[in-house]
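The values are calculated or read from the model by the stated rules, or taken from the named source; none is laboratory data. Just so you know, these numbers come straight off a predicted model, no measurement behind them. Using ideal geometry, Cβ is built from the backbone for each residue, glycine included, and neighbour counts are taken over all protein chains shown. Side chains included, ligands, DNA and RNA excluded: accessible areas come from the protein's heavy atoms. Shrake-Rupley method; radii C 1.70, N 1.55, O 1.52, S 1.80 Å.
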Amino acid sequence: KTLISTHQEAKASFWKKNTKAVPGRPSPKKDTRGNRQRNSSSTSFQDFQESVSDAWDIGDDEFCVISEVKICKKVAQSAALSVINSHRCPNIAQPSDYTISEEKKTERSIPGRPQPLRSNARFKFNQIPSREGAECETSKLERFQSILTASLLNLEELRQLSWSGIPVKMRAITWRLLSGYLPANFERRQQVLERKRLDYWNLVKQYYDTERDETYQDTYRQIHIDIPRMSPLIALFQQKTVQEMFERILFIWAIRHPASGYVQGINDLVTPFYVVFLQEVIPTDGDLDNWEVSTLSKEQRDIIEADSFWCLSKFLDGIQDNYIFAQLGIQHKVNQLKELIQRIDGPLHRHLQQHGVDYLQFSFRWMNNLLTRELPLHCTIRLWDTYLAESDGFASFQLYVCAAFLLHWRRELLIEKDFQKIYMRR
């Protein structure tokens, strides 16, 4: 009994004792006088999960379609109501817990398999609850407009509002600001945009449109091979115009970052920025998955390409060690994930170890591609709302996303007793 009690106490107090050593842990809050407050109630990873479980905001209506997933109407309504009631309308009673039938569970999409941007509308959330939901969405749009049009941007306030999701109408300008591409001063933004876009096209003219130095031939060749393989099930990325745009973006990025150069996987990190900036110029009811980019004006295409390049560059600045020789940054993060799972879910960690499944084998791609190949693209874009809103850099937060991703499948993983089956489940 004494040993059990000691073990339980140690487990409950782990997060208190190791606050500084665990990446991604929320910083202590400050009161109005600037003094740090101790939050004694949040002492476990489970508490941390609960504290952010409402992060997926139903206000963004583009996520009312879930790719390749069939869920009964009761489940869809319960899930949507739970998010709205707990996060946006706290005074309304929450619906009861829901379960997914075994028949529906078998129809889940397989992680890692490319999926379309949007489904063919076979499944949609019910229209719920119209009045409260519309009021909440309108209120959020108004708050974004107020922050974004201020003469001097309050970046911290924008981060807090963006963390739970950014409305489609506000996403492009918000991503530019959160990436550090645009200045906080409202009056300087257009001037900066024009200058940076011109700088990008000067780089293209200097390095891409001329006879390439022999040093860069291998880089160009590898990019040229990778681009056609990108997102093969999404028609948008199979267009020649789009592939040429990606080719220029990646080539210029590679020669500007000689310490790493082009690394396979970076091409996947361009796609969220590209889609967000494309959404900004096409009609709201346009078919994004099949939109012919060549029909856009040259000016629109040039803006999308230049902004995607600069935002990608800003985004990768904090994680460039992921792509240098031997990709030491990724190896470090994989070891952190291993340590984290060992502490919060010993049985799952031991199960993986007993069957010879090394964390590097399944989580390397998670870290290298930031889960872009594990999630549908529209989900990746929503996740990046939060990544970009993380004030201390998203790399620490992503560790927890990967841990949650692994724990989501723990039940299926624990059932499997074969290395190959466990690996395919990951």
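Would the stretch 394-403 turn up any residue that is under 30 Å from Pro167 (Cα atoms), at pLDDT 90 or above and in a loop (DSSP other than H, G, I, E, B)?
No.
What about Val263, is it within 24 Å of Tyr387 (Cα to Cα), within 25 Å of the chain's Cα centre (by Cα), in contact (Cβ under 8 Å) with a residue 40 or more places away in the chain and open to solvent by 10 Å² or more (accessible area, probe 1.4 Å)?
yes
Consider Ile304 carefully, then state whether it is surrounded by 19 or more Cβ atoms within 10 Å (Cβ to Cβ) and over 22 Å from Phe394 (Cα atoms).
When the stated conditions are applied, Ile304 passes them.
Considering only residues that are under 20 Å from Val263 (Cβ atoms) and open to solvent by 70 Å² or more (accessible area, probe 1.4 Å), which ones fall in the stretch 334-347?
Asn335
Which pairs turn up if I take residues in the stretch 277-292 that are part of a helix (DSSP H, G or I) and of a type in the set (A, V, I, L, M) and look for partners that are modelled with pLDDT under 90 and open to solvent by 80 Å² or more (accessible area, probe 1.4 Å) with beta carbon separation below 8 Å, at least 6 apart in sequence or on another chain?
Leu288/Arg118
Can you tell me which residues in the stretch 293-316 are in contact (Cβ under 8 Å) with a residue 24 or more places away in the chain and not hydrophobic (A, V, I, L, M, F, W, C)?
Across the stretch 293-316, the qualifying residues are Ser294, Arg301, Asp302, Glu305, Asp307, Ser308, Ser313, Lys314.
Give the stretch 140-176 a look and list any residue that's under 17 Å from Glu390 (Cβ atoms) and open to solvent by 80 Å² or more (accessible area, probe 1.4 Å), or say none.
Within the stretch 140-176, Glu156, Glu157, Gln160 meet the criteria.
When you scan the stretch 348-371, how many residues do you find that are touching a helix residue (DSSP H, G or I) at 6+ places or on another chain (Cβ under 7 Å) and open to solvent by 20 Å² or more (accessible area, probe 1.4 Å)?
So the count comes out to 5.
Could you tell me whether Pro283 is open to solvent by 30 Å² or more (accessible area, probe 1.4 Å), modelled with pLDDT of 90 or more and either of a type in the set (Asp, Glu) or out of contact with any Cys (no Cβ under 6 Å at 6 or more places or on another chain) (or both)?
Yes, satisfied.
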